[in-house]
Each structure stands twice: as C-alpha cells, then as structure tokens.
Amino acid sequence: MKPELRKGSRSRILAGIVLAIATIFVFRLFYLQVIQHDHYVALAQAEQVKRDRLPASRGEIYALNGSTPVKLVMNETVYTVFIDPFVVNQSKEVDELRQVMKDVAGGNLLSTFEDSVNATDSRYQVIAKRVTRTQAEKIKEKHLKGVRFLAVSQRVYPEGQLAAQALGFVNADGVGNYGLEGYMNDELSGVDGKLETVTDVSDVPLTIGSGNIRIPAKDGKNIVTTIDRNIQSKAEQALADGIKRSNATDASVVVMDPNTGKVMAMANLPTYDPSKYYEVKDGAVFNNATISAPYEPGSDVKTYTMATAIDKGVAKATDTYNNTDYIKVDDRTISNATKGHTGVISFQTALTWSLNTGFVTLAQRLGNGTEITKTARDTMYQYFHDRFKLGQKTGIELANEAAGIIISPDDADGNAVRYSNMSFGQGLDATIIQVASGFSAIINGGNYYKPTIIAGSVNDDGVYMPNEAPQPIETGAVQASTSQQIKEMTHVARSGFAGIDKPGYYIGGKTGTSQVIRNGVYADDETIATYLGYGGSDIDHPEYVIMVSIHGDHKVLGGSVDAMPIFSEISNWLLDYLKIQPKG
Amino acid sequence: MSQNTNYYVSRRQQNWSRNQNTTRFQSAVKLGPVAHTVLVALMIIVLGLIYVTQATRTTGYDYEAQKIDNQISSYAEQKSELEVESARLTALETVKNSNVAKEMTTPASTQYVNE
C-alpha cells in the first residue's frame, strides 16, 4: 500500500512544523552569519587575534677613544616583578616568596613588599623593579604561583657620570630629556613594529588565517659623538680639582677643535648619574651650563674687540693710547680693574693687563675717534653678532640651548654706554659654547664652524660611518692677518705667566672675570672667573680651544688665579694626548 | 556473466582492425546510490583528515617557531648583558683602578723625532 500524506493528517502537520522550524533556523542563521557577519567576526578577532607592539631598540651613543668609537650609553633588559596577591596567598607560598625575593632581588625589592603581599583585594602589585635577567631566571626557577615578570629596556652607562649633561637621560616613558638624548630623541627612538596574529590560549602566534601582520621594528640610530672619553675624563677631573682648589661651587669647560668645530669635551660640575636621574633633588644639575646658561663673558670678549679693531684697520697691537685708568662715555665713567699702568701704553699692554680703557678706546676708534658713534656700534654688532655669532643659538645638537642676547644698535638700549661696556665683555649675554666657537673662528684664520657634537653613526653591522668633514658656515669672519695678530697678542698675554706651559708649544689665552648681576645690579662679592685660550705646535697650527669658567656663591674668583690653572692642566695633558710635536 | 548489447559501429569509427576481438566486458559489481553516497562521504572524510593533519602540522611548526623565537630573545638578552659587562670592564674608571694601571709610572721625559 502506498502511503500518502493526506490533507489534515498528523504526518502532514508534523512536516509543516519541521518546515517552519527549519525556516526559522535558516532565517536565524542568515541573520547571524550574513547580516551580523561583521559584528561576530570582530568579536572573534578580539578574542583570537593578538595585537602587539614590537618595540624598537633605542639607538646607542658612543664616544671616541682616539678615533675608535666606544659605547657610552647602552640598553639593557631588566624586569619588573609583580604578583597577584590573591593567588600568592591562596598558594600558601608567601614565606617562600619572601625568602626568594630577599635572597635574589636584594636591593631591587621594593620597601612596600609586605603591603603588596597583604593586599589580597588587589590582583596586581609590583614587588621589585630593575631586576636583571639572571635574577629573574633564578626567581622563575622556583615556579612560585602568582609571580609574573615584565621586561623593560633601560639605559646603561658603562662610564658612569661621564659627560652626563651632554648626554641627557631617558625617562620612565622612554623619552629623551636634555642633552643629546633630548635633541636627537626621534632619531634615537626608532620606529616600533606591529604584530597582529591569531594566537592560542597561551598567546603563541599561529599562522592560521590570512590577516596576520608582522611589521618589524626599525631600531633607533646609533650615534657617535665627537666627545673623546679620555679628554672628557681629564676635563672633569681638572674641573673637580679646580673647584676644590678655589673652594668654588660650580665650573664648566668646553674643549673643541677650532679647525672643525668638533667638541672634544664638554663638562659641568656638579653633575649627576644619568642612570639614577630620578634621585636628583635639584633639577638645575640637568642643565648643560656650557650651552644653556648665558652670562656676561667679561674680559674674554676683549679678544673680539681687538680682532674687530685690527680687522677694520683702526688699530694694531703696537699702537698706543693714553691710559689714565678712567675713561668717560657720555655721563658714565669707566675704570680699569687693574690700575697703575698709566701713561701712553700699547694695546698689547692693555690686553695683557686687561685694561678696560684700552678697549673702550678701540670702540671709539671704530667711530670718530672720540665717541662710540652709530657707525662704531654697527661695526661691533656686525662682528660680534653676525660674524662671531654671539647672542644666537649655535645649532649644536643638544637640547635646551640658549641664545643669549646682544642689544642691536638700532634698539633704544643699544647706545654708546652699552657698547662701551660690550667692548670689555659686559652688557651682553653669551654662552660658553658661543664664546669658544667665535674665538675658534678668530684664531683659525676666519672660518666659523658650527660647533658639533656628532661625529657619525654606527650601522647595523657595527661599522663606524663618520660624517663628512665639517665645512665652515662662514668664511672671512676676520682676515688671516687679523687672526695671526690675535694669536700673537694672546700668546704674549699668556707668556706673562711664567712656567705654566710645556716648553716648545704655542699657547695663548685671555683671562676673564665677570661680575654677577644680582637683583638687577652688579654684586661686589661674587664673580665668574673664566679663561679662554688655544694651543698647538706653532702659531699656524692651533689644535684646540679650551674655555673654562668657575664660580662660587658669594665668592670673588679671578680668571688668572682660579680659571687659568684648570686651562693649563687640561692644555698640558692635551699636548701629550694629541701627540702634538713641539716646534718652538 | 552479462554482455552488453552490441550496437553497430563502423570499424572506421572504432579504429579497429580486422580479426580483432570486438567484445567489451563490464564488471559484475554494481554500486547502488547508497554505496555511492558512502564512498563520497568516505572521500570527504579522508580529505578532511588530510586537511586537519596538515593544519595541525602547520600549527606544530608555529610552536617550534615560537620556541626558537624565545631562544633568540634569550640569547639576544645574554649578548646584550655581556656587551654591557664588557663595556664596564673596559670603562675608564675600571682601567684606572686596575692593578696594571697602578703599576704604571709617569715618564721622566718625552722625546720627539724631528719630522
């Protein structure tokens, strides 16, 4: 008998129900799989796909050891140890954890350890920081429950505090602050990579799916500085000796190559340990005073005035003037700090004894001979500001460089009195790097080189790639003959101090003693002592320029007594270190 | 044994030569629709198993790769640690305080050969 579905039969009703349910299923599946497709794919990806940042390694910083790069700033992976207090207490391993952490982590264990362990309502407590890989491995071997590790990269300084203010530091967020770290932060940071992949429950990346992305990180640039670690170390030691000798509070020094603008050493004391920057109480020590603390350079600038006068043909070393120890400019009377060399004297004598009247006279001779006219002021501004680059940033590759200031003769304050003061180094603000760079241009024949602290880079294969030889950004700052005369004059000025230099070399320099402005007026009980000079085998080959400054709170320090010995200590050592052969 | 019904096909069409046997044999085993379905299902299962085997094998490689990656990172960290240690050992302060440096004396005089 052939079964048939008759209208109204139970089989037919059942078939209808099944069909209806199947239809509901189909529509539901269509809704879930087609209409809600994107939503559920997103949910699935959120669960299965791991998106991770592949951190770029920060570029390392090198100093030179002669001509070979040596690492000054490196990276090291350390670990932050954190616990889940709930799990730790559940596991009854608190005593073992305490013992292991005390034995292994030692000083890296946080003082809040006990509080962290007892914070059972928290699921995340940091118990140790900056634990080394070896320490972390030892802790991991114990298989303690609820203990986890987070790898963190930190900067390491094998040379300790050497050149700290020139280098700067990297803060907890991985951002460079101050110095080279601050200025070159983008280049040093590199570019993080990206990982987007399906993972299993243990976060192991799987090759399932077609949407996996892996963009490798681009590591930061490895920078080689022009700083020679031996010269830097010597400079820092000489500063420390000088501070102790003079009972001063702070001192700075720059050593540079006048023929390239390369900074060989740059030091300030007091300094700090960049690996423990967070322990510094006074933020002022982060500042690199040689580039960020403009001051009135004082008598060092007399070499600038002399160079301007010689270059303009209004004076030479042997020319004379009548020194009365006083000179009147408008309603002001300017006097010499050192008195007694009165009468008709040469400008060489004025430079040797640092007599202010001689340089005010030169400023007058740049005008009509008796007054510092607008023409004289324009000439001085052109030389000081435009040619020797005082009162403007040098562009050295360090963060927080200050510009200083030179008042233009077009300004209401740029009058004769100001420019008379400027002729002997007051009434203008400049940084040590500016003064040293301008002086380098004067003694190298008139080529101004932008001071630089970058010698090159080290590529991924570890090969040193030096930059091309620096070119002067301005030639003819002074004539070659002017340059020769200034070298002779400063050499003669220094020769007055017998027995301070190694025999056979050509060393020249100028002392400076600047008054400190306190509450808008010059303080009588506080000065900044400076010394600016050069050295080499003979007059035609100056190999280095050194500028030193030293200062003490409420202390009157002198350029020849307090700053010059620091210069001499570095200079005499440098002659041997640079293997400069005596010719004199 | 069964025989196909012979239809006339010209020799030219068959490309057969004279005196050759023109009888064609057919297997006695007949597959019904159920057997066909089972066979197709079996083939699908076999193919599926092959796919699963390959996919699992690929995942196995992923674990291997992850293990190697971890080893590389660990060695990289060790290398980095050794480099830091090396730099510390050759740092100026370390060299200055070394026994060799302490034994050194300042030269009494320095002579230069004339160029």
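A few points about this structure:
- With a 10 Å cut-off around each Cβ of A:149-160, the average count of Cβ atoms from other chains is 3.
- Per the accessible-area calculation with a 1.4 Å probe, the total area buried between chain A and chain B rounds to 2100 Å².
- Of interest is the spacing of the C-alpha centroids, which for region A:555-569 and region A:472-488 amounts to 27 Å.
- Chain A: DSSP helices with Cα axial extent of at least 27 Å and average Kyte-Doolittle hydropathy no lower than 1.6: A:10-30
- Other protein chain Cβ atoms within 10 Å, averaged over every residue that makes up B:86-95: 6
- The alpha-carbon of B:LYS102 sits under 17 angstrom from the alpha-carbons of these aspartates and glutamates, leaving out residues fewer than 8 places away in its chain: B:GLU93.
- Each label was represented as a point 7 Å from its Cα along the Cα-to-Cβ direction; for A:GLU488 and A:VAL41 these points are 8.6 nm apart.
- Where only alpha carbons of region A:134-205 are counted, the Rg and the Dmax (Å): 17.9, 48
- Cβ-based net charge around A:GLN484, under 13 Å, with every Lys or Arg adding one and every Asp or Glu removing one: -2
- Expected 222 nm ellipticity per residue - DSSP helices of 4 or more, -39500 (n - 2.57), all of chain A, to 500: -9000 deg cm²/dmol
- Net length gained if the chain between A:ARG214 and A:ALA22 were fully extended (0.36 nm per residue, minus Cα distance): 64.8 nm
- With the Kirkwood sum run over all distinct C-alpha pairs, region A:55-118 has a hydrodynamic radius of 15.2 Å.
- Count Lys and Arg as plus one, Asp and Glu as minus one, and take only other residues whose Cβ is under 12 Å from that of A:VAL253; the net charge is then -3.
- Spin-label pair B:ALA35-A:ASP553: with each label point 7 Å from Cα along the Cα-Cβ axis, the two points sit 10.7 nm from one another.
- As a calculated quantity, the FRET efficiency between B:ALA108 and A:MET465 at R0 = 41 Å, using C-beta atoms, amounts to about 0.50.
- Other residues whose C-beta falls under 11 angstrom from the C-beta of A:ASN444 contribute a net charge of -2, scoring Lys and Arg +1 and Asp and Glu -1.
- Once the C-beta distance of A:ARG130 and A:ASP413 is scaled by a Förster radius of 41 Å, the resulting FRET efficiency is 0.20 to the nearest 0.05.
- Highest mean first, the peptides A:406-418, A:167-179, A:350-362 sorted by other C-beta atoms within 10 Å per residue fall in the order A:350-362, A:167-179, A:406-418.
- Here the Debye sum runs over all C-alpha atoms of chain A as equal scatterers in vacuum, and log10 of I(q)/I(0) at q = 0.05, 0.09 Å⁻¹ comes out as -0.35, -0.78.
- Kirkwood-Stokes translational diffusion coefficient of region A:165-246, alpha-carbon pairs, 10 °C, 1.306 mPa s, µm²/s: 95 µm²/s
- Our coupling estimate for region A:211-223, obtained by passing each phi through the Karplus curve with A = 6.51, B = -1.76, C = 1.60 and θ = phi - 60°, is x, 5, 10, 9, 10, x, 6, 9, 5, x, 6, 8, 9 Hz, Gly and Pro reported as x.
- Multiplying the residue separation of A:LYS579 and A:VAL521 by 0.36 nm and subtracting their alpha-carbon distance yields 16.2 nm.
- For A:LYS450, distant residues with modelled amide H under 5 Å away: A:ILE473
- Estimated translational D of region B:28-90 in µm²/s (Stokes, Kirkwood radius over Cα pairs; 37 °C; 0.692 mPa s): 199 µm²/s
- Rounded to whole numbers, the Karplus 3J(HN,Hα) couplings from phi for region A:508-518 are x, x, 9, 7, x, 9, 10, 6, 8, 8, 10 Hz, using 6.51 cos²θ - 1.76 cosθ + 1.60 with θ = phi - 60°, and x at Gly and Pro.
- Efficiency of FRET from Cβ geometry, A:GLN237 and A:ALA284, R₀ 22 Å, rounded to 0.05: 0.50
- 37 °C / 0.692 mPa s Stokes-Einstein diffusion coefficient of region A:125-265, Kirkwood radius on C-alpha pairs, µm²/s: 165 µm²/s
- The orientation-averaged shadow of the Cα convex hull for region A:323-477, equal to a quarter of the hull surface, comes to 11.6 nm².
- Portion, in percent, of the accessible area of chain A that falls on carbon or sulfur, probe 1.4 Å: 51 percent
- Cross-link check: pairs A:LYS302/A:LYS389; A:LYS140/A:LYS194; A:LYS129/A:LYS276; A:LYS50/A:LYS221; A:LYS262/A:LYS393; A:LYS316/A:LYS510 evaluated at a Cα-Cα cut-off of 19 Å; pairs beyond the cut-off: A:LYS140/A:LYS194; A:LYS50/A:LYS221.
- Å² of accessible area per residue within region A:453-584, as computed with a 1.4 Å probe and no ligands counted: 44 Å²
The values are calculated or read from the model by the stated rules, or taken from the named source; none is laboratory data. Predicted, not measured: the structure shown is a model, and the values here were computed from it. Cβ: placed from backbone, ideal geometry, glycine included. Neighbour counts: every protein chain shown. Note: accessible area is taken over every heavy atom of the protein model, side chains too, but ligands, DNA and RNA are not part of it. Shrake-Rupley method; radii C 1.70, N 1.55, O 1.52, S 1.80 Å.
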